[in-house]
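The values are calculated or read from the model by the stated rules, or taken from the named source; none is laboratory data. As the structure is a prediction and not an experimental result, all values here were calculated from the model. Counting neighbours? That spans all protein chains shown, and the Cβs are built from the backbone with ideal geometry, glycine included. All accessible areas refer to the heavy atoms of the entire protein, side chains included, with ligands and DNA or RNA removed. Shrake-Rupley method; radii C 1.70, N 1.55, O 1.52, S 1.80 Å.
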Amino acid sequence: MLQKVDIKTTKRLEDYLPIVGEEVIDTIKALAKPLQGAKVLHINSTAFGGGVAEILQTLVPLMRDVGIEADWQVIEGADAFFDVTKTMHNGLQGMDLPFTARMQDVWQRYNEMNAAKLVGDYDFVIVHDPQPAGLLHFTGGRGGHQWLWRCHIDTSHPNPAFWQFLAPYLRPYQAGIFTLEQYVGPGVDFPHLAIIAPTIDPLSPKNAPLPLAEAKKIVASYGFDPNRPLLVQVSRFDPWKDPLGVIDCYRQVKAHIPDVQLALVGSMAADDPEGWDYYDKTVRHAGEDYDIRMLHNFHGVGNREVNAFQTAADVVVQKSVREGFGLVVTEALWKGKPVVGGNVGGIPLQVIDGKTGFLVNDVGECATKTRYLLQNPSAAQEMGIAAREHVRQHFLSTRHLIDYLHLFAALRG
Ligand code: UDP
């Protein structure tokens, strides 16, 4: 049997009413009615760390609350497997890397092994990302009536070696779900294609309102001076998130605003073996500057602490060079922070240049816009108000639920 994720929290749709309004709640109820008792299984590769786990923590209990029997299971894998899937993740996002027969064999073997462990009988099985994408092939469809592949990464310009390998495993899926239409890689036509942007949960400990004084206290407990300006990037330590570029940006800002501090907050996901190497690299790049601090979950940085850093930040930066969507951007915008974000992937859906933040293409631009926001707090505040409203309308969990309910209804025909 695959490992079942035991979600302790329950969610109640009604609790979202004051935030999203009656119309949204009524729409969800109406859409859920014909789907009562439908059995849905989400499968991914980790219960903790990264955006997918974050989404499922809310989406699964919310589905349950509206009458769907939703489960979440994670596949098993040793380091050898996660090394390969991390390489695949990078290759599928376009990195120039070799993809050896041995690597392909490892991926296939683990998918076959996990497929053998899949038990249950579901109406819809939603397989998240490339790691478990072979499950449909290796189960022959056993366990699910309809199979959906949910891709959270940017596969618009994949390294062909990786995409050509994966494509035959994707073709049998009844539906493909992507964040942006342009992410659908070449040569795979799903019978159903859904474009669904990720969302955040406004009621989770990470996103629920935290008083500024409380947030500052938490940030101070990690060695930051709460009375000096603070730049924050919350991200895994990963080349695509460009923490080194953030440090370079901070240095340019610091040349003008010597008081500025930088927090790089990044959890170590169980399925991300590269994390520690890149963390070391980032620490070396920061050198002896004690106004830069790197924090991760081993420092006790959990949801509440991430919330505190995003709340206490003067400017939130997300200098990604590739970004499927960027939940951290959503989280920061929801806290009324304008975000200076890389002009890539899902970030422009969220950062409307000059309105909810700034889109930047290099370190220099990142520094200029960050400085502008630090030096113009009233403009920053105004953008922050627009930022929160943008998220309220488009990127909260209730919207995600609506999209899934629509898709299930369409697949049932
Ligand atoms: N995250 C966290 N602690 C950290 C770093 C990240 O809880 O130290 C969370 C973050 O708040 C967000 C998710 O992990 O909810 C990252 O999602 P995103 O889409 O930004 O990036 P991904 O890691 O999926 O590429």
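Listed values, structure above:
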{"item": "ALA80 versus GLN104: modelled label distance in nm, points set 7 Å from Cα along the beta carbon direction", "result": "1.8"}
{"item": "For segment 96-183: rounded, prolate or oblate by the Cα gyration tensor [a/c cutoff 1.5]", "result": "oblate"}
{"item": "Selected from ALA410, ALA380, VAL340, residue furthest toward positive end of dipole (segment 280-413; charges at beta carbon)", "result": "ALA410"}
{"item": "Listed residues PRO205, PRO273, PRO34, most fluctuating in the chain (Gaussian network, C-alpha, under 10 Å)", "result": "PRO34"}
{"item": "Gain in span if fully extended, ALA220 to PHE48, counting 0.36 nm per residue against the direct Cα distance", "result": "59.3 nm"}
{"item": "Nearest-10 value in Å² for the accessible area of MET103, using the 1.4 Å probe", "result": "30"}
{"item": "Table column - 3J(HN,Hα) (Hz), segment 85-101, Karplus curve with 6.51, -1.76, 1.60, x for Gly and Pro", "result": "5, 5, 4, 5, 4, 5, x, 5, 8, x, 6, 7, 9, x, 10, 7, 4"}
{"item": "Cα shape, segment 348-388, gyration tensor, a/c 1.5 rule", "result": "oblate"}
{"item": "Assigned charges on the beta-carbon of Lys, Arg, Asp, Glu; the chain dipole about Cα centre (debye)", "result": "420"}
{"item": "Calculated log₁₀ intensity ratio I(q)/I(0) where the Debye formula runs over C-alpha points of the chain, q = 0.11, 0.12 Å⁻¹", "result": "-0.81, -0.96"}
{"item": "Selection of GluC sites (Glu not before Pro), segment 4-70, meeting DSSP coil and at most 15 other Cβ within 10 Å", "result": "none"}
{"item": "Lys/Arg +1, Asp/Glu -1 at C-beta; the chain dipole; positive extreme among LEU359, PRO273, LEU118", "result": "LEU118"}
{"item": "Under 22 Å from LYS319, Cα to Cα: lysines that are on another chain or at least 8 residues apart", "result": "LYS86, LYS206, LYS241, LYS254, LYS281, LYS335, LYS337, LYS355, LYS369"}
{"item": "Taking the chain and dividing mean pair separation by its residue count, relative contact order in percent (alpha carbons under 8 Å, at least six apart)", "result": "16"}
{"item": "Cα gyration tensor category, rounded, prolate or oblate, for segment 204-266 with a/c compared to 1.5", "result": "oblate"}
{"item": "Cβ-isolated cysteines (cut-off 4.7 Å), the chain", "result": "CYS151"}
{"item": "Relative contact order for segment 87-162, counting Cα pairs under 8 Å that sit 6 or more residues apart, in percent", "result": "45"}
{"item": "Distant-in-sequence amide H partners of GLN3 (H built 1.01 Å from N, under 5 Å)", "result": "VAL74"}
{"item": "Amide proton proximity set for ILE292, modelled H, under 5 Å, gap of 5+", "result": "LEU262"}
{"item": "Inter-label distance for ARG12 and MET95, nm, one decimal - labels placed 7 Å from Cα along Cα-to-Cβ", "result": "4.5"}
{"item": "Qualifying chymotrypsin sites (Phe, Trp or Tyr not before Pro) for segment 1-109 [loop in DSSP, other Cβ within 10 Å: at most 16]", "result": "PHE48"}
{"item": "Trypsin sites (Lys or Arg not before Pro) restricted to segment 9-66 and DSSP loop, no more than 12 other C-beta within 10 Å", "result": "ARG12"}
{"item": "Gaussian network model of the chain, springs between alpha carbon atoms under 10 Å - residue of VAL306, VAL316, VAL66 with greatest fluctuation", "result": "VAL66"}
{"item": "Segment 139-224: relative contact order as a whole-number percent, Cα under 8 Å and 6+ apart", "result": "25"}
{"item": "For segment 118-123, Karplus couplings with θ = phi - 60° (6.51, -1.76, 1.60), whole Hz, Gly/Pro x", "result": "6, 10, x, 9, 10, 6"}
{"item": "Potential extension, GLU22-GLN36 segment - 0.36 nm per residue separation minus Cα distance", "result": "3.0 nm"}
{"item": "Choice from ASP65, ASP289, ASP154 with maximal GNM fluctuation in the chain (Cα, 10 Å cutoff)", "result": "ASP289"}
{"item": "Backbone HN-Hα couplings from phi across segment 347-352 [Karplus 6.51/-1.76/1.60, Hz, Gly and Pro as x]", "result": "5, x, 5, 9, 8, 8"}
{"item": "Contour minus Cα-Cα distance for HIS256 and LYS117 (0.36 nm per residue)", "result": "44.3 nm"}
